[in-house]
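I have placed the structure first, in the form of structure tokens, so that the comments after it can refer back to it.
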Amino acid sequence: MKPVRILFVCLGNICRSPLAEGILRHLAHDCPIDVDSAGTGGWHIGDLPDRRSIAVARRHGIDITGQRGRRIAAGDFAACDLILAMDRSNLATLRALAPPGAQGKLHLFLGYTLGVERDVPDPYHEGPEGFEAVYRMLSEGCLSLIGKLEDSGS
Ligand code: 4NP
């Protein structure tokens, strides 16, 4: 089966979307997916994920230190099957950048995965508890996403 290509998008690509990428890859097991992440902003191109995202992932047994920040590119809209934005602001940016044929690939992460039209809040100015809360939201959403992908492939 052809893998489903999933891209998670946040603002900086150092806090939320690298964590989502790590969690989904960790949960995927036999589910055929390609997962990647990107930011709509370009401040952290080439950077490691934020140390607080690395730490919360590590606490849950996931290593995200192989990832490096990158910015969404025009080619992503054709290359990916599903593009999930962490919040409505980044979704609006994606909607403005994407060609008409790719608009249907764009969704809010919690809306698509859990059916709740809520943002995964930016934890950049938060303490470790903010990162733990983001981890829990992402983990719940990714578990549901895996279930959906398995259902649609069966
Ligand atoms: P992220 O968090 O979008 O979850 O990666 C942010 C990281 C960095 C910045 C903003 C948000 N920044 O402005 O540098």
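The values are calculated or read from the model by the stated rules, or taken from the named source; none is laboratory data. Quick caveat, the model's predicted, so the values are computed rather than measured. Every residue, glycine as well, gets a Cβ built from its backbone with ideal geometry; the counts of neighbours run over all protein chains shown. Side chains are part of the model used for accessible areas, which takes the heavy atoms of the whole protein and leaves out ligands, DNA and RNA. Shrake-Rupley method; radii C 1.70, N 1.55, O 1.52, S 1.80 Å.
So Pro32 clears everything in (1) open to solvent by less than 70 Å² (accessible area, probe 1.4 Å); (2) on the phi > 0 side of the Ramachandran plot; (3) not hydroxyl-bearing (Ser, Thr, Tyr) except one condition, right? Which one?
The number of the failed condition is (2).
Can you pull out every residue in segment 36-54 that is within 12 Å of Pro18 (Cα to Cα), open to solvent by less than 40 Å² (accessible area, probe 1.4 Å) and either outside any helix (DSSP H, G or I) or more than 10 Å from the ligand (Cβ to nearest atom) (or both)?
Within segment 36-54, Ser37, Ala38, Gly39, Pro49, Asp50, Ile54 qualify.
Got a number for residues in segment 121-154 being part of a loop (DSSP other than H, G, I, E, B), touching a Cys at 6+ places or on another chain (Cβ under 9 Å) and more than 16 Å from the ligand (Cβ to nearest atom)?
0
Tally up the residues in segment 74-85 that are under 20 Å from Leu24 (Cβ atoms), small (Gly, Ala, Ser) and surrounded by fewer than 17 Cβ atoms within 10 Å (Cβ to Cβ), please.
First pass over segment 74-85, keeping only residues under 20 Å from Leu24 (Cβ atoms): 76-77, 79-85.
Then drop every residue that is not small (Gly, Ala, Ser), which leaves 79, 85.
Filter once more, keeping what is surrounded by fewer than 17 Cβ atoms within 10 Å (Cβ to Cβ): 79.
Of the residues in that region, 1 qualify.
Hey, among Arg88, Arg118, which residue is within 16 Å of the ligand (Cβ to nearest atom), under 14 Å from the mean Cα position of the chain (by Cα), modelled with pLDDT of 95 or more and open to solvent by 70 Å² or more (accessible area, probe 1.4 Å)?
Details: Arg118 fails: under 14 Å from the mean Cα position of the chain (by Cα).
Only one candidate qualifies: Arg88.
Would you check if there is a residue in segment 10-29 being modelled with pLDDT under 95 and either assigned to a loop (DSSP other than H, G, I, E, B) or within 20 Å of Gln103 (Cα to Cα) (or both)?
yes
Report yes if Arg58 is more than 21 Å from Leu110 (Cα to Cα), open to solvent by 10 Å² or more (accessible area, probe 1.4 Å) and within 13 Å of the ligand (Cβ to nearest atom), otherwise no. Give the derivation first.
On the way: more than 21 Å from Leu110 (Cα to Cα): yes; open to solvent by 10 Å² or more (accessible area, probe 1.4 Å): yes; within 13 Å of the ligand (Cβ to nearest atom): no.
Judged against the criteria, Arg58 is not a match.
Pick out the one residue from Glu140, Glu126 that is at pLDDT below 95 and open to solvent by 60 Å² or more (accessible area, probe 1.4 Å).
Numbers: Glu140 fails: at pLDDT below 95.
Sole residue among the options that is at pLDDT below 95 and open to solvent by 60 Å² or more (accessible area, probe 1.4 Å): Glu126.
Identify, please: which residue in segment 55-84 is of a type in the set (A, V, I, L, M), part of a loop (DSSP other than H, G, I, E, B) and within 13 Å of the chain's Cα centre (by Cα) and is, among those, farthest from Leu138 (Cα to Cα)?
Just the residues of segment 55-84 that are of a type in the set (A, V, I, L, M), to begin with: 55-57, 62, 64, 72-74, 78-79, 82-84.
Next, only the ones that are part of a loop (DSSP other than H, G, I, E, B) stay: 62, 64, 72-74.
Now narrow it down to the ones that are within 13 Å of the chain's Cα centre (by Cα): 64, 72.
Details: Ile64: 14, Ile72: 20 Å.
Once the filter is applied, the top-ranked residue is Ile72.
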